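Asker: Quick one: the structure is below, and I'll ask about it shortly.
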Amino acid sequence: EVQLVESGGGLVQPGGSLRLSCAASGFTFSSYWMHWVRQSPGKGLVLVSGINSDGSMTRYADSVKGRFTISRDNAENTLHVQMNSLRAEDTGVYYCARDGPGGATDFDSWGQGTLVTVSS
Amino acid sequence: QSALTQPASVSGSPGQSITISCTGTSSDIGAFNYVTWYQQHPGKAPKLIIYDVSNRPSGVSNRFSGSKSGNTASLTISGLQAEDEADYYCTSFTRSITLVFGGGTKLTVL
């Protein structure tokens, strides 16, 4: 059974940093693109970042470029995102998601999410 | 990139069929056959139910079907059941090599 378990969320002040992690199990982690998707009440769902199977290619939403860094450790089956210079609009539930079967970007497995709140 | 447009809410009675629309542009839905639909129950993560316009992942009920015409995609749920009450989101790949989401539709089973 595919399992994705996020951790690292919490309350942080504007300008602060957080590192989210996602522990994967039940599948060959090193064979899949992986993604971070944010869900917030005001802005719905947003694809924040993605990384290819060996970590050589990354993609970011324009709103987080230069502030967030996605990475992965295939030996440890773990996905990370380092979030710096956090803003109020980064607030939301962050999901780790596995790339799905479609021809473009879709997500066939999701974690339970971790809440990030950016507020003073 | 603007979000895809979905109705805020739809409703139906058990056994009926409902359709949720998702309207985009010629730069997203109209450009590719890469429309995806997710179902999300309260407090849960989204679940993939349709990918590439009309394909169902293994384990998803055949009561769920997807289609596309021009810049509008549609999700149809037939034989509505109480467990179908949830939020539904569409997404599409775009010419900007990004992903755009719809704002979500709340389905109420009466």
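Asker: Looking only at segment A:64-99, count every residue that is open to solvent by 10 Å² or more (accessible area, probe 1.4 Å), over 18 Å from A:C22 (Cα atoms) and within 14 Å of another protein chain (Cβ to nearest Cβ) and tell me the total.
Answerer: Total meeting the criteria: 1.
Asker: Within the group A:R19, A:R98, A:R67, which residue is touching a residue at least 24 places away in the same chain (Cβ under 8 Å) and farther than 22 Å from B:Y38 by Cβ?
Answerer: A:R19
Asker: Same structure, new question: Return the total of residues in segment A:4-32 being open to solvent by 20 Å² or more (accessible area, probe 1.4 Å) and within 12 Å of chain B (Cβ to nearest Cβ).
Answerer: So the answer is 1.
Asker: A further question on this structure: Out of B:K68, B:K44, I need the residue that is assigned to a loop (DSSP other than H, G, I, E, B), within 14 Å of chain A (Cβ to nearest Cβ) and without any contact (Cβ under 8 Å) to a residue 60 or more places away in the chain. Which one?
Answerer: Going through B:K68, B:K44 in turn, just one is assigned to a loop (DSSP other than H, G, I, E, B), within 14 Å of chain A (Cβ to nearest Cβ) and without any contact (Cβ under 8 Å) to a residue 60 or more places away in the chain: B:K44.
Asker: One residue is enough: does segment B:49-56 have a residue meeting the conditions in contact (Cβ under 8 Å) with a residue 24 or more places away in the chain, buried (at least 17 other Cβ atoms within 10 Å of the Cβ) and among the charged types (D, E, K, R)?
Answerer: no
Asker: Here's another thing I want to ask about it. Of all residues in segment B:1-41, count the ones that are away from chain A (no Cβ under 12 Å) and of a type in the set (D, E, K, R).
Answerer: Number satisfying all stated conditions: 0.
Asker: Out of the residues in segment B:71-106 that are open to solvent by 20 Å² or more (accessible area, probe 1.4 Å), charged (D, E, K, R) and not in a strand (DSSP E or B), which is nearest to the other protein chains (Cβ to nearest Cβ)?
Answerer: Selected residue: B:R95.
Asker: Going by the structure shown, is B:T23 under 11 Å from the mean Cα position of the chain (by Cα), open to solvent by 50 Å² or more (accessible area, probe 1.4 Å) and at pLDDT 95 or above?
Answerer: For B:T23, the condition - under 11 Å from the mean Cα position of the chain (by Cα), open to solvent by 50 Å² or more (accessible area, probe 1.4 Å) and at pLDDT 95 or above - is met.
The values are calculated or read from the model by the stated rules, or taken from the named source; none is laboratory data. Everything quoted here is computed from the prediction, not taken from an experiment. Neighbour counts run over all protein chains shown; Cβ positions are idealised from the backbone, glycine included. Areas reflect the complete protein model, heavy atoms only, side chains present, ligands, DNA and RNA absent. Shrake-Rupley method; radii C 1.70, N 1.55, O 1.52, S 1.80 Å.
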